[in-house]
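Laboratory data are not the source of any read-out in this text; all were calculated from the coordinates shown. Bear in mind that the values here come from a model prediction, so they are computed numbers and not experimental data. Neighbour counts are summed over all protein chains in view; Cβ atoms, including those assigned to glycine, are modelled from backbone coordinates with ideal geometry.
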Amino acid sequence: MLTLIASILVFSAIVLVHEFGHYKAAKSVGIKIYEFAIGMGPTLFKTVKNGTVYSIRAVPIGGFVQMEGEEEDSRTPTSFGTKSIGQRAKVVAAGPVMNFVLALVLFLIIAFAYGIYGNHVEFIDENSNEYKAGLR
């Protein structure tokens with residue numbers, strides 16, 4: 001059971017970072033965000049800030065960032081569809097890029113936390129070639 005809970009928390013953290021990438025990129029190019037959600041299904045918790053709904057959903061699988069013009073044919077200046085191809089590519093690519101950054105950061109934390117271990121000889125048998133060569 002603990003493994004299941006840990007797996008859900010880790011997966012949710014990965015989804016959070018991924019969706020945050022889309023969110024920040026969309027905001028940076030002036031796209032209106034309707035909702036930032038982690039999970040799917042019925043809403044467990046939500047808050048509204050500056051016109052954006054931030055929610056946690058009941059089923060801890062996936063997440064989404066609902067942007068203006070992503071589904072409908074909106075032609076306002078804050079719509080996804082009215083942005084340049086480069087700006088739309090930035091928004092689409094930001095999620096996977098954030099997953100890569102997360103993996104790199106976690107790798108570096110683990111690498112520096114555990115360090116690099118070298119070989120350490122505890123005992124040399126007197127009948128070994130190493131002992132005869134003078135290694136003590």
Taking neighbour Cβ counts within 10 Å as the exposure measure, how do GLU122, GLU68 sort from fewest upward?
-> GLU122, GLU68
Under 14 Å between alpha carbons - lysine pairs in the chain that sit 8 or more apart or on different chains | 7
Estimated distance in nm for a label pair at GLU35 and LEU2, the labels positioned 7 Å out from Cα along Cα-to-Cβ = 3.6 nm
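Taking N as the number of residues in the range 54-101, what value does Rg over Cα atoms divided by 2.2 N^0.38 Å take?
On the way: Rg = 13.1 Å, N = 48, 2.2 N^0.38 = 9.6 Å.
This ratio for the range 54-101 stands at 1.37.
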Most exposed to least, judged by fewest other Cβ atoms within 10 Å, VAL121, VAL65 sort to VAL121, VAL65
Roughly how big is the range 34-77's charge dipole about its Cα centre, with Cβ charges of +1 (Lys, Arg) and -1 (Asp, Glu), in debye to the nearest 20?
-> 320 debye
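For the range 1-50, just say rounded, prolate or oblate: build the C-alpha gyration tensor, square-root its eigenvalues into a ≥ b ≥ c, call rounded for a/c under 1.5, and beyond that prolate if a/b exceeds b/c, oblate if not.
Oblate.
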Mind telling me which of GLU71, GLU126, GLU35 comes out most flexible in a GNM of the chain, alpha-carbon contacts under 10 Å?
-> GLU126
Ellipticity estimate at 222 nm from DSSP helix runs (n ≥ 4, -39,500 (n - 2.57)) divided over the chain, nearest 500 = -15500 deg cm²/dmol
Solvent-free Debye scattering, log10 I(q)/I(0), computed from the Cα coordinates of the chain at q = 0.09, 0.13, 0.21, 0.22 Å⁻¹ = -0.44, -0.68, -1.22, -1.28
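Rounded to the nearest 5, what is the percent of antiparallel bridges among the DSSP beta bridges in the chain?
Of the beta bridges lying entirely in the chain, close to 75 percent run antiparallel.
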Could you work out which residue, out of TYR114, TYR23, TYR34, moves most in a Gaussian network model of the chain, that is, has the largest mean-square fluctuation with Cα springs under 10 Å?
-> TYR114
